Amino acid sequence: MANLIAGVDDAGRGPIIGPLVIAGVLISEDQQEALREAGVRDSKLLTPALRTKLDVYVRGAASRVSLVEAQPKEIDDFVLHGGHLRKLNYLEARMMASVVADLAPTEVFVDASDVNEARYGETIREFLPEHLKGMKIQSKHHADRTFPVVSAASIIAKVRRDRLVEALRNQYGDFGSGYITDPKTMEFLRVWRRTHTEYPPIVRMSWKTINQLEAELHQTRFGA
């Protein structure tokens, strides 16, 4: 019987609006080629419609799927108050370890968030329960483009986050993609802050962009 392996990836690491989602997919080792043949690729290379279709396929093919989410407040608390070592990479590694522990594979492939691939894998290992600490962890940059099982996880994470973000848009208005490179997102933040005493809870206050917007607002109000 083939070993059970897992792939783990994130969606929403960089935006200033919305949650961070980590997904894991557990499959039999001999299923990787079947995933590739079904069109499973890095979610960023797929259209929304194809991602949705493949999300259904992956959920049906996988032995198990696991998801965890971090809302903006949790991200902010960790980044602002967690200490110099407890930055976003550390939070993400802890979340990935939670997914890995839930799936309990023989071997796991993860998309490394740290510039040091091996270090990121060992950070994940720190958070694993004792009986899983000996697990083989393949921590690689661009794993979502190299290993079909990680591509599958990237699809699950992306589809889940897109649905969460769409629900937020319905509640708060169209803020665009939620990334600071999106003019619609930046305009949403400016308009919201001019008409409210604080930003909505969907915003990551720990991003440096917030300080820049506050300085811009202060200059506009006081001409300083």
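Values quoted throughout were computed directly from the atomic coordinates according to the rules given, and no laboratory measurement underlies them. Just so we're clear, the structure is a prediction, and the values are computed from it rather than from any experiment. Reconstructed Cβ throughout: ideal geometry from the backbone, glycine too, with neighbour counts over all protein chains shown.
In the chain, the longest principal axis of the Cα atoms and the axis of helix 183-195 are about 50 degrees apart.
Computed over segment 6-75, the range of Cα coordinates on each principal axis works out to 39, 24, 15 Å, biggest value leading. Of D102, D174, D114, D144, the sequence from fewest to most neighbouring Cβ atoms within 10 angstrom is D174, D102, D114, D144.
Which length gain, in nm to one decimal place, applies between L45 and A215 when the Cα-Cα distance is subtracted from 0.36 nm times their residue separation? Numbers along the way, then the final one.
Values: separation 170, 0.36 × 170 = 61.20 nm, distance 3.69 nm.
Taking L45 through A215 to full extension adds about 57.5 nm, to one decimal.
A Förster distance of 25 Å, applied to the separation of the beta-carbon atoms of T197 and L67, puts the FRET efficiency at 0.15. A simple spin-label model places pseudo-atoms 7 Å from Cα toward Cβ; at D102 and E33 they are separated by 3.1 nm. The lysines whose alpha-carbon is closer than 20 Å to the alpha-carbon of K184, local same-chain residues fewer than 8 away aside, are K208. In this simple spin-label model, placing a label point 7 Å from the Cα along the Cα-to-Cβ direction at both E166 and R119 gives a separation of 3.9 nm. Sequence-distant contacts, meaning Cα pairs under 8 Å at least 6 residues apart, place the relative contact order of segment 4-168 at 39 percent.
Relative to the longest principal axis of the Cα atoms of the chain, the long axis of helix 88-103 makes an angle of roughly 40 degrees. Among the listed options (i) 187; (ii) 127; (iii) 117, the one matching volume of the Cα convex hull per residue in Å³ as calculated from these coordinates is (ii). For the chain, the share of DSSP beta bridges that are antiparallel, to the nearest 5, is 65%.
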